[in-house]
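To start, the structure itself, in structure tokens.
The values are calculated or read from the model by the stated rules, or taken from the named source; none is laboratory data. Worth saying up front: this structure is predicted, and the values here are computed from it rather than measured. No Cβ is skipped: glycine too gets one built from the backbone with ideal geometry, and neighbour counts run over all protein chains shown.
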Amino acid sequence: MTYLVYVAAFGVASVVFLWLRDARIYYRTGLPGYRSAAYWGVLYTALALLGAQVTAFVPGFELLGLGLILLALYLQVNRKKEKVWTNEGTLERFLGSVPIQRTNKR
């Protein structure tokens, strides 16, 4: 097992974190862009997990697995979403703590 397995694990954790952050922002705001990002986040997480499995269990294909994880990160970050940030600090943006304003909820 090489050090690239740990890099892959960190990449998967990053993809999962971004997915859960998008889901939290959607839950708090109800914006359709974040709803779409949260749904697609499931697929991107599965792609990242596949990349981690390739990195860990297929000898000689570690870079292919890392490439799949990077592809999942790239696709997840470049989704079109509405602007929800006004003057929040870095920690609030990192955690996805936006003011609750459910637009599509009852």
Number of the condition not met by Arg79 [criteria: (1) part of a helix (DSSP H, G or I); (2) closer than 30 Å to Ile100 by Cα; (3) not hydrophobic (A, V, I, L, M, F, W, C)]: (1)
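This table checks each residue for (1) more than 15 Å from the chain's Cα centre (by Cα); (2) charged (D, E, K, R); (3) at pLDDT below 85.
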position	(1), (2), (3)
Gln53	yes, no, no
Phe61	yes, no, no
Gly65	yes, no, no
Ala72	no, no, no
Val77	no, no, no
Asn87	yes, no, yes
Glu92	yes, yes, yes
Val98	yes, no, yes
Gln101	yes, no, yes
Output for the stretch 1-30, where each listed residue is assigned to a helix (DSSP H, G or I), more than 21 Å from Leu95 (Cα to Cα) and not hydroxyl-bearing (Ser, Thr, Tyr): Leu4, Val5, Val7, Ala8
Residue list for the stretch 1-23, restricted to those being of a type in the set (Gly, Ala, Ser), more than 19 Å from Val98 (Cα to Cα) and free of Cβ contacts under 8 Å to residues at least 24 places away in the same chain: Ala13
Scope the stretch 40-81; condition out of contact with any Phe, Trp or Tyr (no Cβ under 9 Å at 6 or more places or on another chain) and either among the polar types (S, T, N, Q) or over 18 Å from Phe10 (Cβ atoms) (or both); matching residues: Leu43, Gln53, Val58, Pro59, Gly60, Phe61, Asn78, Lys80
Residue selected from the stretch 1-15 under the condition of a type outside the set (Ser, Thr, Tyr) and in contact with a Leu (Cβ under 9 Å, 6 or more places away or on another chain), by the criterion surrounded by the fewest Cβ atoms within 10 Å (Cβ to Cβ): Leu4
Failed item in (1) under 26 Å from Ile100 (Cα atoms); (2) crowded, with 20+ Cβ neighbours inside 10 Å; (3) in contact (Cβ under 8 Å) with a residue 60 or more places away in the chain, with Tyr26 passing the rest: (3)
Selection status of Ala72, in contact with a Gly (Cβ under 8 Å, 6 or more places away or on another chain) and part of a helix (DSSP H, G or I): yes
Test: residue in the stretch 31-53 that is aliphatic (A, V, I, L, M), part of a helix (DSSP H, G or I) and within 25 Å of Glu88 (Cα to Cα): yes
Leading residue by the ranking (nearest to Asn78 (Cα to Cα)) among those in the stretch 30-65 that are touching a Lys or Arg at 6+ places or on another chain (Cβ under 7 Å) and crowded, with 17+ Cβ neighbours inside 10 Å: Ala37
